[in-house]
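This report concerns only the one structure given below.
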Amino acid sequence: VYEDDQVLFFYDINPQAKVHILGIPKKKVVDFRDFILRSDQSTVQYFFTKIIDVINGLGLDQKGYRLIINNGRDANQEVPHFHIHILAGENLKGIR
């Protein structure tokens, strides 16, 4: 979907919604806490700004979307690299 020297956004191989995109910083960080504590403010701001750019670029802002961060084992974080899920493209009422 989008890639530059700092971030990568791509479609999930096991989508939970019609549109399911994963966004990751290329910096090696384990989880959300690690990302926030080990990144400078401009890196964090850049990542979240790119999330909005991807959402707007795909027109997902028109009907709504859901952002999900699973952080740690109890939250079912399956991959030990911080990532955010962007879900959209349908009514997400029954999707968790």
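Counting only residues that are over 15 Å from Gly23 (Cα atoms) and touching a Lys or Arg at 6+ places or on another chain (Cβ under 8 Å), which one in segment 35-53 is surrounded by the most Cβ atoms within 10 Å (Cβ to Cβ)?
So, considering only residues that are over 15 Å from Gly23 (Cα atoms) and touching a Lys or Arg at 6+ places or on another chain (Cβ under 8 Å), the one surrounded by the most Cβ atoms within 10 Å (Cβ to Cβ) is Ser39.
Kindly list, by first and then second residue, each pair from a residue in segment 23-35 that is within 26 Å of Leu58 (Cα to Cα) to a residue that is of a type in the set (Ser, Thr, Tyr) and outside any loop (DSSP other than H, G, I, E, B), limited to pairs with Cβ atoms under 8 Å and residues at least 6 apart or on different chains.
What qualifies is Pro25/Thr43; Lys27/Thr43.
How many of the residues making up segment 67-88 are free of Cβ contacts under 8 Å to residues at least 40 places away in the same chain and either surrounded by 13 or more Cβ atoms within 10 Å (Cβ to Cβ) or of a type outside the set (Lys, Arg) (or both)?
Keep residues of segment 67-88 that are free of Cβ contacts under 8 Å to residues at least 40 places away in the same chain, which gives 67-70, 73-76, 78-79.
Adding the requirement that they be either surrounded by 13 or more Cβ atoms within 10 Å (Cβ to Cβ) or of a type outside the set (Lys, Arg) (or both) leaves 67-70, 74-76, 78-79.
So the count comes out to 9.
Take the conditions within 19 Å of Asp31 (Cβ to Cβ) and modelled with pLDDT of 95 or more and apply them to Ile55. Does it pass? Spell out the reasoning first.
Working: within 19 Å of Asp31 (Cβ to Cβ): no; modelled with pLDDT of 95 or more: yes.
When the stated conditions are applied, Ile55 does not pass them.
How about segment 1-30: which of its residues are within 19 Å of Arg66 (Cβ to Cβ), charged (D, E, K, R) and surrounded by 14 or more Cβ atoms within 10 Å (Cβ to Cβ)?
Asp12
Between a residue in segment 47-66 that is within 14 Å of Gln6 (Cα to Cα) and touching a residue at least 24 places away in the same chain (Cβ under 8 Å) and any residue that is charged (D, E, K, R) and outside any helix (DSSP H, G or I), which pairs come within a Cβ distance under 7 Å, given they are 6 or more apart or on different chains?
If the second residue must be charged (D, E, K, R) and outside any helix (DSSP H, G or I), no pairs are left.
Go through segment 53-96 and give me each residue that's among the basic types (Lys, Arg) and over 17 Å from Asn14 (Cβ atoms).
Answer for segment 53-96, where residues must be among the basic types (Lys, Arg) and over 17 Å from Asn14 (Cβ atoms): Lys63, Arg73, Lys93.
Among the residues of segment 73-82, is there at least one that is in contact with a strand residue (DSSP E or B) (Cβ under 9 Å, 6 or more places away or on another chain), in a helix (DSSP H, G or I) and at pLDDT 95 or above?
No: zero hits.
Can you tell me which residues in segment 51-96 are over 16 Å from Arg33 (Cβ atoms) and of a type in the set (Asp, Glu)?
Selection gives Asp53, Asp61, Glu78, Glu90.
The values are calculated or read from the model by the stated rules, or taken from the named source; none is laboratory data. These numbers come from a predicted model, not from an experiment. Neighbour counts run over all protein chains shown; Cβ positions are idealised from the backbone, glycine included.
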